[in-house]
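The values are calculated or read from the model by the stated rules, or taken from the named source; none is laboratory data. All values reported here derive from a predicted model rather than from experimental measurement. Every residue, glycine among them, receives a Cβ derived from its backbone with ideal geometry; neighbour counts consider all protein chains shown.
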Amino acid sequence: MRAMKDKQKPAKSTAATDRSYDGFTADERAAMKDRATELKASGRRGSRADKANVESEVLAKIAELPDADRAMAERLHAVIKASAPDLAPRLWYGMPAYAKDGKVVCFFQSAQKFKTRYATLGFSDEANLDEGAMWPTSYALTKLTRADEARIGELVQRAVS
């Protein structure tokens, strides 16, 4: 009769054990809660008056932003509305966004809310910005010049074309 072998123990991991995953940050959780609230509110909206009220919600959210981000978001809002009046302002993860036929085309992310060194103007896959096999879908913003605003206006026009 053969002697029974001891069960082999799994090899110990060589991965660093001092790292821990704490899940989402408080800001990320807040953004997800904002998104859930937005989805619930959009399901309740039906009348044109309710949909028109969405822009006032976007402007109120912009007004809550810290000074530097607020000024940039206000300018972006004006540039986007002037460049593509058919885009509907809405909130997306608690940040200003602009949609066509209910689908977000472009959005703004605050630098200070997400503790990054720059704000972001991003475009979704709904935006018609394709250039060959590779093209940018987001832009870092630290300030807006007239030239930047003109470029953004062109991008937004192209995105909705």
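With the requirement that a residue be in contact with a strand residue (DSSP E or B) (Cβ under 6 Å, 6 or more places away or on another chain), farther than 14 Å from Ala73 by Cα and among the polar types (S, T, N, Q), what does the stretch 89-132 give you?
Ser124
Applying the selection to the stretch 39-67, what residues are among the acidic types (Asp, Glu) and at pLDDT below 90?
Residues of the stretch 39-67 that are among the acidic types (Asp, Glu), as a first pass: 50, 55, 57, 64, 67.
If the condition is that a residue be among the acidic types (Asp, Glu) and at pLDDT below 90, then Asp50 is the only one that fits.
Lys81 versus (1) over 22 Å from Thr37 (Cβ atoms); (2) surrounded by fewer than 21 Cβ atoms within 10 Å (Cβ to Cβ); (3) within 14 Å of the chain's Cα centre (by Cα): which is the lone unmet condition?
All conditions pass for Lys81, except number (3).
Are any residues in the stretch 112-148 among the aliphatic types (A, V, I, L, M) and either out of contact with any helix residue (DSSP H, G or I) (no Cβ under 6 Å at 6 or more places or on another chain) or in contact (Cβ under 8 Å) with a residue 60 or more places away in the chain (or both), and if so, which ones?
Step one: of the stretch 112-148, the residues among the aliphatic types (A, V, I, L, M) are 119, 121, 127, 129, 133-134, 140-141, 144, 147.
Within the stretch 112-148, Leu121, Ala133, Met134, Ala140, Leu141, Leu144, Ala147 meet the criteria.
Rundown of residues vs (1) closer than 14 Å to Gln109 by Cα; (2) modelled with pLDDT of 95 or more; (3) under 19 Å from the mean Cα position of the chain (by Cα); (4) exposed (fewer than 11 other Cβ atoms within 10 Å of the Cβ), yes/no style:
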residue	(1), (2), (3), (4)
Gly122	yes, yes, yes, no
Ala127	no, yes, yes, no
Glu131	no, no, no, yes
Tyr139	yes, yes, yes, no
Ala147	no, yes, no, yes
Ala150	no, yes, no, no
Gly153	no, yes, yes, no
Val160	no, yes, yes, no
